[in-house]
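One structure below.
The values are calculated or read from the model by the stated rules, or taken from the named source; none is laboratory data. Because the structure is predicted, anything quoted here is derived from the model rather than measured. Reconstructed Cβ throughout: ideal geometry from the backbone, glycine too, with neighbour counts over all protein chains shown. Quick note on the areas: whole protein, heavy atoms, side chains included, nothing else; ligands and nucleic acids left out. Shrake-Rupley method; radii C 1.70, N 1.55, O 1.52, S 1.80 Å.
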Amino acid sequence: SSLCPIGTEPSMDDKGVSDVMLLRQQVAVAFMANLAEGVATCQIFPFAARMVATMRGTPEAVAFFTGLVYSGNGIGVLISTPMWTRLSVKYGCRSCLIASLTLTSTSIFLCSVASSFPVLLGLVLLRGLSNGNGLLLRTGMRRSFLRRGVDDTQGFAWVSAASGTSSLAGPAIGGILYGSTDFGHPWTLPYICSGTLLFGAMVIALALMEDTTAPISPRKRGGDLEQSLLPGVPDRRVDWASMGLLLAVVFGHAYVFMGWDLSYPVLAAMPESMEGDAWKPPQIGSTFVVASLAFVIFASCFYQRCIRQFGVVRFWVLNWIPTALLLATFPRVLEGFRNAGWGPESLPVLVVNYGAQLSFCVMQGAGFVTAQLVLFDFVTTQPASDQLMATANGYYVIVQNVANGLAPLICGALCTLGTALEPVYTPVITRALPFDVMALVGVTLCLLPLWVLGPGKVPDLRSARGLLQSDPR
């Protein structure tokens, strides 16, 4: 019932399917596509280094070459996103998503039989070049909700829950299946499994996804829309400067989220000789499992209530203030416990680790949804918002992939630098340096741009207060 516009009865399409059922189908398509894409991306985390060393015949420089495998898909997505943006405007998101899922699943299946590192790297890059899944599933679902004037907050919460689920299921599937059979290579079965998920998502999209090629916005449009919305082509009707500030918010969030996922395991795994906790992978992984499950519950059950209570922008700010404090204090609290004589298995250390991981994952996992909603609500105030939505989603995916590519390099360098300089410059520079920089990025990129824009740029369309103000009844 929450998917039905206020004051209206569910209408039926030409196939006799109600609006509520059709929108649920669009959410299901986006959920499955995002889940399959996430599993395909995350499944290699447990075995990528072993796979690369086996293919190259030597463990030499394995970190560098493993990094190439990690970044290949993101680089390909960066290159192909403008193409998918144009194609989605011309042919609709349904046809493009089906093509993208087909191509990416094919490249994953080919990776399962690759035995040469250059071939694997080429296939990973090919997957990225053919990968418009993230852009297309979000744009298609958003257009379906806009067509009916229905709040899409809960729908995007479910899509974000798929990301949390895949971040948990992907490494589990990869770690369990790698080398579990004598069939093909040790990495054959994990790749076949993730490729099958992508192909299954394509079948679901083929059966259930709505064709949103037709215009959906009632707003008056004029001029050459396609030319005015192409990246790099100025259009005085669209407030590109404000969109740039909102994309800086997206960049900051993606950087901090990826930086935490990399920096926290490094900090937890530091050996006792370096005054670390020396946690083993199962111990670190268990914190991710608990935090991911908590996030899925929050996103599916409580997120929409929070948005209706506080509004999108206020909820974003209320998330980031404690997150910045957490980033700045968490490594120092752990160090204080170590100096006080508490061991890695002591109750205070366990509570701090699990509490910090759970708090960060819930707050900033929800940030993926909130960042999209902030950007989408801004786009609804612009001319030709239905066409601009595809462009905004394209920029959203590009900015996220740039942040995901830079975060591992910067956080790794900061961690090495902080550890090396800690004996000389403590307490100014310590092993907490990557966390300090993440807190600074969060404040400067995730809070300041919204303060610069002011309350008028992003309308309050989703809270109970905003709905009352916009509804003359």
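Taking every protein chain into account, the accessible area of segment 39-134 amounts to 41 square angstrom per residue (probe 1.4 Å). The string of couplings for segment 429-438 from the Karplus curve (6.51, -1.76, 1.60, θ = phi - 60°) is 10, 9, 5, 7, 3, x, 6, 4, 5, 4 Hz, one whole number per residue in order, with x for Gly and Pro.
The label point for Asn339 and the one for Trp240, both projected 7 Å from the Cα toward the Cβ, are 5.1 nm apart.
Averaged per residue, segment 329-461 has 39 square angstrom of accessible surface, using a 1.4 angstrom probe with ligands and nucleic acids left out.
In order along segment 148-163, phi translates into HN-Hα couplings of 10, x, 10, 5, 9, 4, 5, x, 6, 5, 5, 4, 5, 4, 5, 5 Hz, rounded to whole numbers, per the Karplus curve 6.51 cos²θ - 1.76 cosθ + 1.60 with θ = phi - 60° and x for Gly and Pro. For the peptides 96-109, 337-350, the ranking by mean Cβ contacts within 10 Å, running from highest to lowest, is 96-109, 337-350. Taking amide H positions as modeled 1.01 Å from N, with prolines and chain starts lacking one, no residue 5 or more places away or on another chain lies under 5 Å from Arg431. The order of the peptides 135-142, 81-88, 431-438 by mean Cβ neighbours within 10 Å, most packed first, is 135-142, 431-438, 81-88. If the segment from Thr196 to Thr381 were pulled out straight at 0.36 nm per residue, it would be longer than the present Cα-Cα gap by 62.6 nm. Converting phi to 3J(HN,Hα) with the Karplus coefficients 6.51, -1.76 and 1.60 and the offset θ = phi - 60°, segment 406-423 yields 7, 4, x, 5, 5, 5, x, 5, 5, 5, 5, 5, x, 5, 6, 8, 4, x Hz in sequence order, with x at every glycine or proline. The order of the peptides 419-428, 406-415, 370-379, 29-38 by mean Cβ neighbours within 10 Å, most packed first, is 29-38, 370-379, 406-415, 419-428. Once the Cα-Cα distance is subtracted from the 0.36 nm per residue extended length, the Cys301 to Arg24 segment shows a gain of 98.1 nm.
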